[in-house]
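Q: Starting off with a structure, shown below.
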Amino acid sequence: MKHPLVILTSLLALIPLQLASAASVDPVVSFDAAKMEFPESIAIDKAGNIYLSMVATGVVKKVTPAGVQSVYATIADNFIVGLAFDGTDNLFVVGASGIWKVTPTGVVSLFSSIPGGAINDLAFASDGSLYTTYQGDDKSGSLWRVDSKGVAKLWCTSPLFVPAKSFMPAPVGINGVVVDPQNKFVYVDVVSAGRIVEIKINPDGSAGATRVVVENAALIGMDGLRLDDRGNFYTAVNLQNRITRVTPDGKITDLASGGLLNFPTSVALDTRDGKTSIYVCNNGNFFFGSTQVNQGLLRITNPDPSRLLQVSTRAQIGTGSDILVAGFVIDGTAAKTVLVRAVGPTLASFGVSGALADPRLDLYAAGQSVTPIYSNDNWGGDAQLATAAAGCGAFALTGAASRDAALRVTLAPGTYTARVSGVGNTTGIALLEIYETP
């Protein structure tokens, strides 16, 4: 699995990469076990507020980014689990009676129900379709789809949903559910099998082929499922007290384990600042444990310490074919915003002699070599470029009058080429930098 930003050039010596520091796990708020405040599921709104279902009381709590908690809604059911927002900020809550809807103004109503068994988790597709996991008497479960009027229809059953015998106290089938951003696949986890299953969404909306993405004992007990824009899965492995990432090809990485974690049951991803924070619903082991502690909300910052944030190369710029050419790849499924700089004059302030006096920066898409998609000669002190550089930790250019070149552009996944040349066929040393920006 490549990083979102992958440099292909091998020209001269690469300046050391700027890598993020190690992940950390910190408490955000705690809850009172004496009041039966045991959180089970978690959701995050567009403003970064966190919502948690208190499984044993029917209360949904809201926690602001500043850590202030309040009661957001009370559901008539005393047992609530999954949470999910739709595209218009309505919060949907899974309870013992079915799926409840909480409007932004606080109106609570029963939205949908499925006879018998129990609904567990739910997820919205970007087209508004709602998918929910359902546990029947055999504990294997099935996947249902709910329309905009609350009518639920059985969507998929599969032998892959059947739980395996494991060290868990009781077998549990499908639980967490997530839909990929392109609405091509639904993914579910099979808790006591340590299995993630992919279900294809056919063009007519019906369920298509199923396959196992990964099955591993390290995932037994995974509770809740999230998906990032690179196709990685994130899950809370409850009885093993681990927060885990699984790549699309099944590679498993622990992001946090032990410590404050005590039966984590769900995670939510916050990418609003261009970096990923993972919020963890730390249940405190209400379901199986005799020691019920640390129930609350945790945050994992910098969960991807190996992610490439910046790369650069310095070279002697000549003329003709002797200019600097560097290829890079935007990986994943979502567009990325990058800051690309061709630095010449500012290098003199670092003691570099013979710096290129007036670099030109051209950016080409794959298959194009004649017409660049973006170009810059002089950055001109652009305030947005200066802000982007500061946000990336890049050194400041020497001023608006410097003839350094810079671009801040949003690029779709694909292969690109950056070229640095001297205006008027001038020559000298230049530095090419590429940053992934917030």
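Q: Looking at Asp254, is it at negative phi, of a type in the set (D, E, K, R) and at pLDDT 80 or above?
A: Spelling it out, Asp254 is indeed at negative phi, of a type in the set (D, E, K, R) and at pLDDT 80 or above.
Q: What's the number of the condition Ile330 fails, among (1) more than 30 Å from Phe233 (Cβ to Cβ); (2) crowded, with 19+ Cβ neighbours inside 10 Å; (3) β-branched (Val, Ile, Thr)?
A: If we test Ile330 against (1) more than 30 Å from Phe233 (Cβ to Cβ); (2) crowded, with 19+ Cβ neighbours inside 10 Å; (3) β-branched (Val, Ile, Thr), just (1) comes out false.
Q: Residues to consider are Asp147, Asp86, Asp121, Asp127; find the one that is under 28 Å from the mean Cα position of the chain (by Cα) and closer than 21 Å to Gly221 by Cβ.
A: Within the list Asp147, Asp86, Asp121, Asp127, the selection yields Asp121.
Q: Looking at the stretch 141-160 only, could you name the residues that are free of Cβ contacts under 8 Å to residues at least 40 places away in the same chain, farther than 21 Å from Thr210 by Cα and of a type outside the set (Lys, Arg)?
A: Asp147, Ser148, Val151
Q: Say we look at the stretch 257-309 and pick out the residues that are among the small types (Gly, Ala, Ser) and at pLDDT 85 or above; which of these is surrounded by the fewest Cβ atoms within 10 Å (Cβ to Cβ)?
A: Ser277
Q: Separate question: I'd like to check something: does the stretch 197-215 contain any residue that is free of Cβ contacts under 8 Å to residues at least 60 places away in the same chain, under 14 Å from Thr133 (Cβ atoms) and aliphatic (A, V, I, L, M)?
A: Yes, there is a match, as at least one residue in the stretch 197-215 is free of Cβ contacts under 8 Å to residues at least 60 places away in the same chain, under 14 Å from Thr133 (Cβ atoms) and aliphatic (A, V, I, L, M).
Q: Among the residues of the stretch 212-244, count how many are assigned to a strand (DSSP E or B), of a type in the set (A, V, I, L, M) and either out of contact with any Pro (no Cβ under 9 Å at 6 or more places or on another chain) or closer than 18 Å to Val186 by Cβ (or both).
A: Result for the stretch 212-244: 6.
Q: Out of Asp189, Asp204, report the one residue that is closer than 18 Å to Glu40 by Cα, in the same structural domain as Ser277 (by TED's automatic domain parsing) and not small (Gly, Ala, Ser).
A: Going through Asp189, Asp204 in turn, just one is closer than 18 Å to Glu40 by Cα, in the same structural domain as Ser277 (by TED's automatic domain parsing) and not small (Gly, Ala, Ser): Asp189.
Q: Restrict the check to the stretch 77-92 and report whether at least one residue is of a type outside the set (A, V, I, L, M, F, W, C), touching a strand residue (DSSP E or B) at 6+ places or on another chain (Cβ under 7 Å), in a loop (DSSP other than H, G, I, E, B) and crowded, with 21+ Cβ neighbours inside 10 Å.
A: No; the residues of the stretch 77-92 include none that is of a type outside the set (A, V, I, L, M, F, W, C), touching a strand residue (DSSP E or B) at 6+ places or on another chain (Cβ under 7 Å), in a loop (DSSP other than H, G, I, E, B) and crowded, with 21+ Cβ neighbours inside 10 Å.
Q: Among the residues of the stretch 379-428, which ones are within 12 Å of Ala342 (Cβ to Cβ) and surrounded by fewer than 18 Cβ atoms within 10 Å (Cβ to Cβ)?
A: Of everything in the stretch 379-428, just one residue is within 12 Å of Ala342 (Cβ to Cβ) and surrounded by fewer than 18 Cβ atoms within 10 Å (Cβ to Cβ), namely Val423.
Q: So, Ser402, is that one under 15 Å from Leu324 (Cβ atoms) and either small (Gly, Ala, Ser) or assigned to a loop (DSSP other than H, G, I, E, B) (or both) or not?
A: Against the criterion (under 15 Å from Leu324 (Cβ atoms) and either small (Gly, Ala, Ser) or assigned to a loop (DSSP other than H, G, I, E, B) (or both)), Ser402 does not qualify.
Q: Could I ask something else about it? Step by step: first the residues of the stretch 119-133, then only those that are polar (S, T, N, Q) and within 12 Å of Tyr187 (Cα to Cα), then the one that is surrounded by the fewest Cβ atoms within 10 Å (Cβ to Cβ). Which residue is that?
A: Thr132
Q: Might you let me know whether the stretch 248-257 holds any residue that is more than 24 Å from Lys35 (Cβ to Cβ) and in contact with a helix residue (DSSP H, G or I) (Cβ under 6 Å, 6 or more places away or on another chain)?
A: There is at least one residue in the stretch 248-257 that is more than 24 Å from Lys35 (Cβ to Cβ) and in contact with a helix residue (DSSP H, G or I) (Cβ under 6 Å, 6 or more places away or on another chain).
Q: Failed condition for Thr235, given (1) touching a helix residue (DSSP H, G or I) at 6+ places or on another chain (Cβ under 8 Å); (2) modelled with pLDDT under 95; (3) crowded, with 20+ Cβ neighbours inside 10 Å, with all others met?
A: Condition (2) is where Thr235 drops out.
Q: Which one of these does Gln182 not meet: (1) within 16 Å of the chain's Cα centre (by Cα); (2) at positive phi?
A: (2)
Q: Suppose we filter the stretch 93-104 for residues that are modelled with pLDDT under 95 and surrounded by fewer than 20 Cβ atoms within 10 Å (Cβ to Cβ); how many remain?
A: Residues flagged as modelled with pLDDT under 95 and surrounded by fewer than 20 Cβ atoms within 10 Å (Cβ to Cβ) within the stretch 93-104 amount to 2.
Q: If you check Thr57 against the conditions, is it modelled with pLDDT of 95 or more and assigned by TED's automatic domain parsing to the domain that holds Gly150?
A: No.
Q: Only one of Gly399, Gly428 is without any contact (Cβ under 8 Å) to a residue 24 or more places away in the chain and on the phi > 0 side of the Ramachandran plot. Can you tell me which?
A: Gly399
Q: Starting from the stretch 344-368, take each residue that is outside any helix (DSSP H, G or I) and list its partners that are among the aromatic types (Phe, Trp, Tyr) and surrounded by fewer than 20 Cβ atoms within 10 Å (Cβ to Cβ), counting only C-beta distances under 8 angstrom and pairs at least six apart or across chains.
A: Asp362/Tyr374; Leu363/Tyr374
Q: List the pairs whose first member sits in the stretch 59-84 and is closer than 21 Å to Ala123 by Cα, whose second member is not in a strand (DSSP E or B), and whose Cβ atoms are under 6 Å apart, counting only residues at least 6 apart or on separate chains?
A: Partner pairs satisfying both residue conditions: Lys62/Asn49; Thr74/Gly58; Ile75/Gly58; Asp77/Gly58; Asp77/Ala96; Asp77/Ser97; Phe79/Ala96; Ile80/Gly58.
Q: Any idea which of Ser321, Ser312 is farther than 30 Å from Pro181 by Cβ, small (Gly, Ala, Ser) and either touching a Phe, Trp or Tyr at 6+ places or on another chain (Cβ under 8 Å) or surrounded by 16 or more Cβ atoms within 10 Å (Cβ to Cβ) (or both)?
A: Matching residue, one of Ser321, Ser312: Ser312.
The values are calculated or read from the model by the stated rules, or taken from the named source; none is laboratory data. From a predicted model like this one, the values you see are computed outputs, not experimental measurements. As a convention, Cβ positions derive from the backbone with ideal geometry for all residues, glycine included, and neighbour counts pool all protein chains shown.
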